[in-house]
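Asks: Following this message is one structure expressed as structure tokens.
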Amino acid sequence: MPAAADRVKAVPLLSVMLLVLGLLAVASPRSVSNIHYRTNGVSYTLDVPDGAEYVALGDSYASSGSKSRRLPFDGCARNPDDLGYVVAELLQPASFTDRSCAGAAIASISQVDPERPEVSPQIDAVGPSTRLVTMSLGANSMEFGPLIVNCFIKPNTGLCQFVSTVNLPGSDSYEAIRARYREAVELVAGRAAADADVVLVGYLPLHAESGPIDSSCLAATGDSIENIAAWRIYHRTLNQLVSDVASDTGAIYVEAPGDHPLCAPDPYVAGEQANDPANGIDAYGLHPTVEGQRELGRLVADRIRALRNPAAPAQIGAR
């Protein structure tokens, strides 16, 4: 297998929603002469001049929400209840641009995917008026597609274990990905306002991150103990990457809650069964549910409120 890299198209996994966040301005455009960026092959959406006050960047873990509300003709498969929308609803910025997109890798911040030239680099949404940026990024540069396929969709224990350990912390490949991620964050911070907050958001877990897995859960998901063990290694590595880059750059790291995995009574992620329309699950398989995005969004919003107004209480009820 090739070394890990920014392969936006490592595996064609729109079916499991490797989302690349696109562009959507909530504020009214200030001029009809503004540059338009395509976010799909059908329609154009106006970017906010000088950057929106809040910009959401990232991959499918940022752009996923309820399938029934997927934005029409959107090649990035965004949803109006995805992470960026939740944060915007809670913080009420003057303007908001959702640039997350299915399949986005670290390179998607500054480069066009040759396979999808209609999707412009996510950095294009950031400008001197931008005061908050959330980034949910890193998985697709860390072999998320092959991991999901070989551990859960078409299980192959040998390949699952290999992919989960190919970019372990301290390895040359891990440090190379970390360096590219760091450069992307620095690019975003340099393009935004001087006082902008850049938030790196951790990834929600599919399964419990430690301890035994209930047999009924295994029966319900069809996942094996061996593959879950491999996935745990991958998930720890992925979130360490996000945390390390936040430390490297001075960005804010928001840890994803780990107490609502697949087999919890109220999971924050959906199982592979959600990919079958017959099951009637209004979520994307192996991705955050609307409830998961609401909780992540609340954590981000509470963190920003605490930084900007330390005397204000966190709005725990806004879920």
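Nothing in this text is a laboratory measurement; each read-out follows from the coordinates by a stated rule. Everything quoted here is computed from the prediction, not taken from an experiment. Counting neighbours? That spans all protein chains shown, and the Cβs are built from the backbone with ideal geometry, glycine included.
Asks: Can you give the net charge of the other residues whose Cβ lies under 14 Å from the Cβ of residue 228, counting K and R as +1 and D and E as -1?
Replies: Net local charge, residue 228 excluded: -3.
Asks: Sort the following peptides by mean Cβ neighbour count (other Cβ atoms within 10 Å, averaged over residues), highest first: 200-206, 236-242, 90-96.
Replies: Averaged packing, sorted descending, gives the order 200-206, 236-242, 90-96.
Asks: Counting Lys +1, Arg +1, Asp -1, Glu -1, what net charge surrounds residue 258 among other residues with beta carbon under 13 Å of its beta carbon?
Replies: Net charge in that neighbourhood comes out at -2.
Asks: Binned at 10 Å from 0, what are the whole-percent values of the Cα-Cα distance distribution for the range 226-301, short to long?
Replies: With 10 Å bins starting at 0, P(r) equals 17, 40, 34, 8, 1.
Asks: With θ taken as phi - 60° and the coefficients 6.51, -1.76 and 1.60, list the Karplus ³J(HN,Hα) couplings across the range 81-94 in order, rounded to whole Hz; mark glycine and proline as x.
Replies: Rounded to whole hertz, the list is 10, 7, 4, x, 5, 4, 4, 5, 5, 6, 9, 6, x, 5.
Asks: I've got another one for you. For residue 175 and residue 253, what is the calculated FRET efficiency with R₀ set at 22 Å and r taken between the beta-carbons, to the nearest 0.05?
Replies: That pair, residue 175 with residue 253, gives E of 0.75.
Asks: Then there is this: What length, rounded to one decimal in nm, is gained on full extension from residue 168 through to residue 210, with 0.36 nm per residue of separation minus their alpha-carbon distance?
Replies: 13.3 nm
Asks: Then there is this: Any idea what the dipole of the range 134-226 comes to, in debye rounded to 20, about its Cα centre with Lys/Arg Cβ at +1 and Asp/Glu Cβ at -1?
Replies: Using Cβ point charges on Lys, Arg, Asp and Glu, the range 134-226 gives about 220 debye.
Asks: With a point put 7 Å past each Cα toward its Cβ, work out how far residue 218 is from residue 266 in nm, to one decimal.
Replies: 2.9 nm
Asks: Still on this structure, I have one more. Stokes-Einstein at 4 °C, 1.567 mPa s, Kirkwood radius from Cα pairs: D for the range 94-195 in µm² s⁻¹?
Replies: Using the Kirkwood radius from Cα pairs, D works out to 85 µm²/s.
Asks: What list of ³J(HN,Hα) values in whole Hz, one per residue of the range 221-235 in order, does the Karplus curve 6.51 cos²θ - 1.76 cosθ + 1.60 (θ = phi - 60°) give from phi, with Gly and Pro shown as x?
Replies: 8, x, 8, 9, 4, 4, 6, 5, 4, 5, 4, 4, 4, 4, 5
Asks: If the chain between residue 92 and residue 195 were fully stretched, how many nm would it gain, using 0.36 nm times the residue separation less the Cα-Cα distance?
Replies: Extending this stretch completely gives an extra 35.3 nm.
Asks: Can you give me the distance in nm between label points at residue 187 and residue 156, each placed 7 Å from the Cα along the Cα-to-Cβ direction?
Replies: A separation of 3.2 nm, rounded to one decimal place.
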